[in-house]
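What follows is a set of notes on a single structure, which appears directly below.
The values are calculated or read from the model by the stated rules, or taken from the named source; none is laboratory data. Here the structure is a predicted model, which is why all the values come from computation and not from measurement. Here Cβ is always computed from backbone atoms with ideal geometry, including for glycine, and neighbour counts include all displayed protein chains.
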Amino acid sequence: MNMRKIGIAAAFGAAALMSAATSAMAAKTKTTYIQLDGYCDVVTLTVFSWHQAGEYDNSCDGVNGVGSGMEGKVVGVSPKDLTIGETYFGDADSTYLFNFQYPLRTGGWWSVFQSSDGVNFTAKNSGTYTIVGPEAIRLPRTGQPLHLAVKK
């Protein structure tokens, strides 16, 4: 077999291995939609196979937020949670830290903390959440947006 054929075979083999690895990672990525009970926010949480998470807070008034964080367990605290640092569009003065009980399930709890310096955080709000479908983002929602409650 000449070097060109060996190179082509090796390239196809590497592509097949990369494709299988990518498919395995994608299979472990899970997106869940939750409604913050009592608020109009629908939060999209995506947890990746490497235990990091992405978050998008879709508020009913268009002041949305985006964040990222990690799944984890704090020693002495049960259960595990997703800890997400978030920036609300329209609030350049603060950063927010969300905690979502994990694994995600209806009736789980959430809490949010606010910081103006990124070091000192103040508890601002907490509650429970309900698992919803992706269509909830497009449906009319009632209630106050969370970002207005935490800015008080």
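Restricting Ala123, Ala53, Ala149, Ala92 to residues that are on the phi < 0 side of the Ramachandran plot, assigned to a helix (DSSP H, G or I) and small (Gly, Ala, Ser) narrows the list to Ala149. For Val119, indicate whether it is more than 20 Å from the chain's Cα centre (by Cα) and among the hydrophobic types (A, V, I, L, M, F, W, C). Here the answer is yes, as Val119 does meet what is asked. Taking the criterion of being touching a strand residue (DSSP E or B) at 6+ places or on another chain (Cβ under 7 Å) and either in a loop (DSSP other than H, G, I, E, B) or touching a residue at least 60 places away in the same chain (Cβ under 8 Å) (or both), the residues of segment 56-89 that qualify are Asp57, Asn58, Val63, Asn64, Gly65, Pro79, Lys80, Phe89. Would it be correct to say that Thr29 is modelled with pLDDT under 90, surrounded by 10 or more Cβ atoms within 10 Å (Cβ to Cβ) and among the β-branched types (Val, Ile, Thr)? For Thr29, the condition - modelled with pLDDT under 90, surrounded by 10 or more Cβ atoms within 10 Å (Cβ to Cβ) and among the β-branched types (Val, Ile, Thr) - is not met.
With respect to Ser59, is the statement that it is touching a His at 6+ places or on another chain (Cβ under 8 Å) and modelled with pLDDT under 90 true? The answer is yes for Ser59.
Here Ser111 fulfils each of the conditions (1) surrounded by 15 or more Cβ atoms within 10 Å (Cβ to Cβ); (2) over 18 Å from the mean Cα position of the chain (by Cα); (3) part of a strand (DSSP E or B) apart from (2).
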